[in-house]
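Step one of this worksheet: look at the structure below.
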Amino acid sequence: MRKWTIQATAVFLAIMIQVIGVNAAGYEYEEDFYLQQESPDWELMKNRLKVKGIYMTGYTVAMTERFNKLIDLINTTELNAVVIDVKDDNGLMTYSSDLPDVGFTGANKNVRIKDIDAVMKVLHDNNIYSIARIVTFKDRIAGDKYANLAVKNTSGGIWRDRHGMSWLNPYNRDSWDYLVNIAEEAAIKGFDEIQFDYVRFPTDGNTKIIDYGSSAAGKSKAEAIAEFLSYGRDRLSKKGVVVSADVFGLVTTATDDMRIGQHLESIAKSVDVICPMVYPSHYGKGSYGVAEPDFEPYKIVNRSMTVAEDRIDAIKDVRKKAVLRPWLQDFTASYLKKYKRYGSAEVRAQIDATYDAGSEEWLLWNAGNVFTSGALLKE
């Protein structure tokens, strides 16, 4: 083994000083160079796909038989895309991340997808457009571990919603880096698009005792959310991926930010795609003049999407505006006192309503990943 000279040691130390970073918790580690290396294959999509997709949890992806059946559904119908959980509603990763911050939080525990590279190969081999769903500010894992990034209460402690969940502070730019680093890693794994979910401020619980700190001074919630999304798109566009954001269905027609930071026009300037969750069952009685929204899927989706399309079309002096791609209801809302059982007709009615409103893309949501094949056109 060669012995190090004093000069060589000095050079090595000088290099290390330059590359050492400080993570969100204040611990030092070597920066992740692989996140900064750009492949010659990474370039922004010139002809973006018109997405027609379904949702899969990490559990479904990990169960070979269920996963293969859904791949077959995509291959034999008009479907061409899949949304896969990368960071879920609890802040847990579905595959093991190499990021030191993620390892420190414990978000890698109990990962379901053991070989994400093999999964991505299946998707690429079948020409399936892949979307990484990343739950953002709702994050019990990172919020508990990195108290300096969490939403605080007026007593100085970590604020929690009614389910005991902590949230990352959308005003805190350090929390942005934690999320976008995960997104960059997903892009490197081969995902075509990053979809940010729960990209909003918390609502459930005693919000009157929230203290967002000095970083919130002079800035609205809508500005904070739009700035986060713009920041994410700036970084992720360098990796050649599309950036989308999930928003509440009512955002399509509400003129304000609904006190959660989701304002349609602001977000339309900050991402490539907006995905409103226009599930008819989620609208209150009488919405848009419809007595029982769950019973009128076409009317609810068409009204929501028509208004949203008109609003985005009206935005002027913007180089790039987001495309609309709604999440549609492929489940029966049996938790309602009065509900309609959803089958092929109800799901197809929403797809038709989307097209009639001027949108060309859509996603189907079913938490159990059981989708209505009869609603889909066959290849």
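What follows is calculated from the coordinates using simple rules that are stated; it is not laboratory data. The model shown is predicted, which means the values in this text are computed figures rather than measured ones.
Counting only lysines at least 8 places from residue 321 when in the same chain, those with an alpha carbon closer than 21 Å to its own are 46, 50, 52, 221, 238, 239, 269.
On a 32 Å Cα-Cα criterion, which of the cross-link pairs 87/320; 219/316; 189/285; 208/316; 285/316 come out too long? Show your work: numbers first, answer last.
On the way: 87/320 28 Å; 219/316 23 Å; 189/285 43 Å; 208/316 36 Å; 285/316 34 Å.
Those over the limit are 189/285; 208/316; 285/316.
Here the Gaussian network model covers the chain, with springs between Cα atoms less than 10 Å apart; of 319, 348, 48, 319 fluctuates the most. Near residue 150, the amide H atoms lying under 5 Å from its own belong to 169; only residues 5 or more places off or on other chains count, and H is placed 1.01 Å from N.
Rounded to the nearest 10 degrees, the angle from helix 64-76 to the longest Cα principal axis of the chain is 60 degrees. Normalised by residue count, the chain yields a Cα convex hull volume of 178 Å³ per residue. Largest first and in whole Å, the equivalent-ellipsoid semi-axes of segment 227-338 read 28, 15, 12, each the square root of five times a Cα gyration tensor eigenvalue. Could you check which residue among 123, 168, 363 shows the biggest mean-square fluctuation in a GNM of the chain with a 10 Å Cα cutoff? Result for the chain, Cα springs under 10 Å: 123 fluctuates most. Of all the options 178, 339, 279, the one that moves most in a Gaussian network model of the chain with Cα springs shorter than 10 angstrom is 339. Amide hydrogen proximity for residue 247: with H placed 1.01 Å from N in the peptide plane, the residues at 5 or more positions away or on another chain lying under 5 Å are 275, 277. Could you run the Karplus curve 6.51 cos²θ - 1.76 cosθ + 1.60 with θ = phi - 60° over segment 315-328 and give me ³J(HN,Hα) per residue in whole Hz, x for Gly and Pro? My calculation for segment 315-328 gives 5, 10, 6, 10, 5, 9, 10, 5, 8, 9, 9, x, 8, 10 Hz in order. The phi torsions of segment 346-355, fed into the Karplus equation with coefficients 6.51, -1.76 and 1.60 and a -60° offset, translate into couplings of 5, 5, 5, 4, 5, 5, 4, 5, 5, 4 Hz, rounded to whole numbers, with Gly and Pro shown as x.
Divide the volume of the convex hull around the Cα atoms of segment 90-182 by the residue count and you get 108 Å³ per residue.
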